[in-house]
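One structure is given here, and the rest of the page talks about it.
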Amino acid sequence: MERFVFLTVDGLSRGAVYAAFALALVLIWRAARVVNFAQGAMAVATGYVAYSVTAATGSYWLGFVAALGGGLLLGAVVERGVMRFVDHRAPLNAVIVALGLILLVHAVLGMLYGNEFRPVGTPFSRDPIMLGDLALLSRYDLFVFGAVGVVVLGLALLFTHTPVGLRMRASAFAPEVSRLLGVNVAGMLTLGWALAAAVGALAGLLVIPTELGLHPHAMDLVFVSAFTAAVVGGLDSPPGAVVGGLAVGLILSYVSGYVGSDTTPLAVLVLLLTVLLLRPAGLFTLGKARQV
């Protein structure tokens, strides 16, 4: 029983981070109809921003804010400087450019910081709160859930209750019609990329301290799990990304705890293939799969 509770709590904590990262992928998809495979590398870059600012000032929160601001800026720069010039009529073009961007970011980070793991602290204790003999959530886990909850609520309000969210969706689905209606389509795309990069930066800040540390490739496996979560929930469904993230976190935690940590990559692959074969649009998407 104690082992099951521990694995459930650990799975939910990791799943919350996967949900945040999956939301970043969903945000890009809803804003630009692009799956940003460079999201993990961009999140690591903002993680190094936080590391540098924290090391220089001694304040975790200054580094935290600097990383989120760096994510906004990096997302805008990538969209305006790279993705805007990609021919999106062929879906593979954006994928190839994103893969090239991954190599570029990893190379630059390696030259600037090296390839060793750097320890990253947390603002709250990671020691679990005990209830008798049961180990429950730590204060850091509560912080993770709170941060992800704020992001989920903010994005839900953005897309359902604000004119900006409606313009972003219209710009993605019908850019020509949106331009005729006076919508600044280019500006909406830039905003979508900036917000997604900031959400990805937040996910990176939350998960990197729980891994071995900061490293140019620190988010590679996290991206795979988060991409699986986004596919499971549906790339058009923010609530699906949240549910998918929590589900992936629980599945990986149970597989690692009861079968072995070496089998977790296989579990992710099996889950991804199963969803793609049975319901490629995702479990929470009502519309039909998009044909390309």
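The values are calculated or read from the model by the stated rules, or taken from the named source; none is laboratory data. Note that this is a predicted model, so its numbers are computed, not measured. All Cβ positions, even for glycine, are placed from backbone atoms using ideal geometry, and neighbour counts span all protein chains on display. The accessibility values were calculated without ligands, DNA or RNA, using every heavy atom of the protein model including side chains. Shrake-Rupley method; radii C 1.70, N 1.55, O 1.52, S 1.80 Å.
Brief remarks on what is shown
- Principal axis dimensions, region 1-122 - Cα atoms, whole angstrom, descending: 52, 40, 24
- Each residue, L277 and I96, gets one label point 7 Å from its Cα in the Cβ direction; the gap between the two is 3.0 nm.
- Only Lys, Arg, Asp and Glu carry charge here, each on its Cβ (+1 for the first two, -1 for the last two); on that basis the chain has a dipole of about 960 debye about its Cα centre.
- Considering only L142, W61, G121, the residue lying farthest towards the positive end of the dipole of region 38-174 is W61, judged by Cα position with unit charges set on Cβ.
- Accessible surface of region 143-205, 1.4 Å probe, proportion on carbon and sulfur as whole %: 74 percent
- For the pair L134 and D87, a Förster radius of 51 Å applied to the C-beta separation gives a FRET efficiency near 0.35, rounded to the nearest 0.05.
- The region of the chain that goes longest without hitting one of the trypsin sites (Lys or Arg not before Pro) in a DSSP loop, each with at most 11 other Cβ atoms within 10 Å, is 90-287.
- Projected area, mean over directions - region 72-165, Cα convex hull, nm²: 10.7 nm²
- Selection from S171, L246, N36, by position along the positive dipole direction of the chain (Cβ): S171
- Residue-normalised accessible area of the chain, given per residue in Å² at a 1.4 Å probe: 49 Å²
- Put the Cα centre of region 194-235 next to the Cα centre of region 145-185 and the gap is 22 Å.
- One equal scatterer on each Cα of the chain, no solvent, Debye formula: the resulting log10 I(q)/I(0) at q = 0.16 Å⁻¹ is -1.35.
- Value of [θ]222 nm, deg cm²/dmol, for the chain, DSSP H segments ≥ 4, -39500 (n - 2.57) each, nearest 500: -24500 deg cm²/dmol
- Distance in nm between pseudo-label sites at V164 and D220 (7 Å out along the Cβ direction from Cα): 3.6 nm
- The Cα atoms of region 91-238 cover 62, 41, 26 Å along the three principal axes, with the biggest extent listed first.
- In degrees, nearest ten, helix 60-81 long axis to first principal axis of the chain (Cα): 30 degrees
- In this structure, V259 and E176 have a Cβ-Cβ separation that, at R0 = 35 Å, corresponds to a calculated FRET efficiency of about 0.10.
- Estimated dipole of region 93-185 in Debye, rounded to 20 [Cβ of Lys and Arg +1, of Asp and Glu -1, Cα centre]: 360 debye
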